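Every read-out reported here was derived from the displayed coordinates using simple, explicitly stated rules and does not represent laboratory data. On a predicted model such as this, the values are computed, not experimentally measured, just so you know. A quick note on method: Cβ atoms are made from the backbone with ideal geometry, for glycine too, and the neighbour counts reach across all protein chains shown.
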Amino acid sequence: MKTPDAVQAILDALGRQHPNADTELKHSNAFELLVATILSAQATDAGVNLVTPHLLATYPTAQALAAAPVEDVEQLVHATGFFRQKTRSLLGMSAALVGRHGGEVPRTMDALVKLPGVGRKTANVVLGHALGVPGFPVDRHVLRVANRLGIAKSDDPERVEQQVTGALSPAWWTRASDTLILHGRRICKPTPLCEQCAANALCDFRTRSGRPAVARGALPGRPKAARRPARKGPARASGKRR
Ligand code: SF4
């Protein structure tokens, strides 16, 4: 396992390569992001962004969505796939928000994962991007990239979350997850583009595979930047699109 300094150096390098890493799920508050993240399972963010405007214009609050007819919600979310299961989650989650939290999205992991259809990844997305609470969502990209880099060693998302967050300041957690997700989508794909990777000199997978390291000046991104979280404060404030 790498030292905290080495983990930070890797995230610094990848942060320079992906300076605008952020969630792509559109939202204007925590409830909207919770809805969008539930819908994003097995769906693209772009596909979810086509569905949520109409859904949330029709049912803009937990109270409204909890009282919505099942058939109507199924029709509205149909394009995201698994529409019956997702509708059950949305209605159950909304009813739980109304019944347990006065219609508001709770600000703790413990309370969030008790909501129907909400797992640890979804909870971390909402905490980090809409509630200003540090969170480190682990999806398939984070799993793959973190293990290749050697900043985590596990197939268990919660274990990977513990390993990476244990090496980073909480101020970096959400930014780090967004950066690893974007890196997994663009560069460290299932077949990785190591020659284009800003962290290739620091990567265990690249070293084991015998691929050559690439000189820093040959890679995209700003050549030098002070170590800093790219966002102000410990995590995102609410109200901005994911
Ligand atoms: S060097 Fe290759 S395997 Fe390692 S993180 Fe970069 S793209 Fe992925």
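When you count the other C-beta atoms within 10 angstrom of each residue and take the mean per peptide, 1-14, 143-156 line up highest first as 143-156, 1-14. The fewest-to-most ranking of Leu112, Leu55 by surrounding Cβ atoms within 10 Å reads Leu55, Leu112. Here the label points at Gln196 and Arg84, each 7 Å from Cα along the C-beta direction, are separated by 4.1 nm in the simple model. Using r as the Cβ-Cβ distance of Asn20 and Glu104, and R0 as 30 Å, what FRET efficiency do you calculate, to the nearest 0.05? Once the sixth-power term is evaluated, E becomes 0.50. If you take all other residues with their beta carbon under 11 Å from the beta carbon of Thr87, and give Lys and Arg +1 and Asp and Glu -1, the sum is 0.
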